[in-house]
1. Does A206 satisfy the criteria of being at pLDDT below 95, under 26 Å from R15 (Cβ atoms), within 15 Å of the chain's Cα centre (by Cα) and surrounded by 22 or more Cβ atoms within 10 Å (Cβ to Cβ)?
2. Test V78 against the stated conditions and say whether it is more than 13 Å from T26 (Cβ to Cβ), crowded, with 21+ Cβ neighbours inside 10 Å and under 16 Å from the mean Cα position of the chain (by Cα).
3. Does the stretch 127-137 include one or more residues that are outside any loop (DSSP other than H, G, I, E, B), without any contact (Cβ under 8 Å) to a residue 40 or more places away in the chain and crowded, with 21+ Cβ neighbours inside 10 Å?
4. Listed residues V191, V202; which is more than 22 Å from A91 (Cβ to Cβ) and assigned by TED's automatic domain parsing to the domain that holds G245?
5. Tell me, which residue of the stretch 226-247 that is over 21 Å from V89 (Cα atoms) and of a type in the set (G, A, S) is surrounded by the fewest Cβ atoms within 10 Å (Cβ to Cβ)?
6. Where residues in the stretch 142-160 are exposed (fewer than 15 other Cβ atoms within 10 Å of the Cβ) and among the polar types (S, T, N, Q), which of them is farthest from V176 (Cα to Cα)?
7. Within the set of pairs 6+ apart or on separate chains, which have a first residue in the stretch 194-217 that is at positive phi, a second that is assigned to a loop (DSSP other than H, G, I, E, B) and buried (at least 23 other Cβ atoms within 10 Å of the Cβ), and C-beta atoms under 6 Å apart?
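The values are calculated or read from the model by the stated rules, or taken from the named source; none is laboratory data. Values in this document were obtained by computation on a predicted structure and should not be read as measured data. We place every Cβ from the backbone using ideal geometry, glycine too, and count neighbours over all the protein chains shown.
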Amino acid sequence: MILRVQQPLTELAARLRAATRITVMTGAGVSAASGVPTFRGAGGLWRTYRAEDLATPEAFARDPALVWEWYAWRREKVASCSPNAAHVVLARWSASAKASAGQVPRDVRVVTQNVDDLHIRAGTRDLIRLHGSLWELKCFNGCSAGATTWRDERVPLPDGLPRCPYCGGYARPAVVWFGESLHGGDVNRAVEATACDVFLTVGTSAVVYPAAGFVHHARSLGAFTAEINLEPTPASSLVDVSILGAAEDVLPQLDRVIS
């Protein structure tokens, strides 16, 4: 049964305050206030191309220079952004292993669909990144050594296309492209995190699977489920509480109540 409440923020705050295990799954809406273009919004367009036309292995094989031009643009955009209040709150929650006086200890896990790493820059601990990172590279040819990602935060990138330091082939962004599977280890960690008292989705469209299914799995395990988003999503009628609002506004409100 879906819980109907008159004051969803108050209800969610009460559930968070009493919870010992909290999982928060975030999407592009969390980073929008930082200036990162939302993936499915108008800001997701670049030149005359759609992200869906560039973020594929086939596009890279056909024109690696074009794909890297797009990713270089994205990296420059994100490099100029800073974590916002939503990132800061979630980072503090993830780092607060011990409770304040009179409160129960909370274990907070953060799962993200974002590749901007603003959660990491804010200090989030043990972040589960389902779609990888703009700031990590791997070998496009899949050589054994280059299969392990490496960090490269240089902006702009050096002249020429990035190369794998092991085999000399092209390097690619270590993000999950259309048609590719999520990393099994990350999916397993996210599934494990659905065993919680409260499962909260923030700033995600709830349409991309398997991430969109995690909230339903958490609910089937007995979690109280909630959503914070600027507009209704396919999950809105299925969660216990749906709060319409910006993540950078709602999360600090919740933080003040439960701290």
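1. Working: at pLDDT below 95: yes; under 26 Å from R15 (Cβ atoms): yes; within 15 Å of the chain's Cα centre (by Cα): yes; surrounded by 22 or more Cβ atoms within 10 Å (Cβ to Cβ): yes.
Criteria met by A206.
2. On the way: more than 13 Å from T26 (Cβ to Cβ): yes; crowded, with 21+ Cβ neighbours inside 10 Å: yes; under 16 Å from the mean Cα position of the chain (by Cα): yes.
Against the criterion (more than 13 Å from T26 (Cβ to Cβ), crowded, with 21+ Cβ neighbours inside 10 Å and under 16 Å from the mean Cα position of the chain (by Cα)), V78 qualifies.
3. Step one: filter the stretch 127-137 for residues outside any loop (DSSP other than H, G, I, E, B), giving 128-129, 132-137.
With without any contact (Cβ under 8 Å) to a residue 40 or more places away in the chain added as a condition, the list becomes 136-137.
Within this subset, residues satisfying the condition of being crowded, with 21+ Cβ neighbours inside 10 Å are 137.
Yes, that holds for at least one residue.
4. On the way: V202 fails: more than 22 Å from A91 (Cβ to Cβ).
After applying the criteria, what remains is V191.
5. S237
6. S144
7. If the second residue must be assigned to a loop (DSSP other than H, G, I, E, B) and buried (at least 23 other Cβ atoms within 10 Å of the Cβ), the pairs left are G203/G27.
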